[in-house]
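Novice: One structure is given below, represented as structure tokens, and several questions about it will come after.
Read-outs throughout are calculated quantities, based only on the coordinates presented, and are distinct from any laboratory measurement. Note that the structure is predicted; figures quoted are calculated from it, not measured. Reconstructed Cβ throughout: ideal geometry from the backbone, glycine too, with neighbour counts over all protein chains shown.
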Amino acid sequence: MPSGVLEARGEGRGRAYHLSAAMYRVLGDRAGYVRVRGFEPSQREQMVLQYAQEHGQITRREAAELCKLSADQASRLLRRLATQHPELSLEGERRGARYVWKGPQRSAKGKP
């Protein structure tokens, strides 16, 4: 396969391949590259924190859906954020577990 057609993302067993940005340009779908490539880790963190601030809490399922992650990846992300941000704390266990935002709350857009 010619070089520059595919890009690798991740390492080891989690490694995945997708078309390169140059290929998406050739296909005329520049936004497609960003959709397929996904979000950077710092973007994921900001999205989860913003969601928790606006809604008061976030579950593992919501984080996974929001960031397009597996359940395990979302759990690790939430645990890491809770250790880095004391405003975010785990409440409940197992299926009832959620991360609650205890810092200043942001109002959702379009709401008073």
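Novice: Given a Förster radius of 35 Å and the C-beta distance between Leu66 and Val26 as r, what FRET efficiency does 1/(1 + (r/R0)^6) yield to the nearest 0.05?
Specialist: 0.70
Novice: Continuing with this model, one more query. Helix 41-55: angle to the longest alpha-carbon principal axis of the chain, degrees 0 to 90, nearest 10?
Specialist: With rounding to tens, the tilt is 30 degrees.
Novice: Would you mind ranking Val26, Val100 so that the residue whose beta carbon has the fewest other beta carbons within 10 Å leads the list?
Specialist: Taking fewest neighbouring Cβ atoms as first place, the list is Val26, Val100.
Novice: Using the beta-carbon distance between Glu93 and Val34 and R0 = 30 Å, what value does 1/(1 + (r/R0)^6) give for FRET efficiency, to the nearest 0.05?
Specialist: 0.25
Novice: Still on this model: May I have the convex hull volume per residue, in Å³, for the Cα set of the chain?
Specialist: Dividing the Cα hull volume of the chain by its residue count gives 133 Å³.
Novice: Quick one: compute the contact order of the chain, relative version, from alpha carbon pairs under 8 angstrom and 6+ residues apart, as a percent.
Specialist: Relative contact order, the chain: 19 percent.
Novice: Which distance in nm do the two modelled labels at Arg76 and Arg15 give, with both placed 7 Å along the Cα-to-Cβ direction?
Specialist: According to this spin-label approximation, the distance is 1.7 nm.
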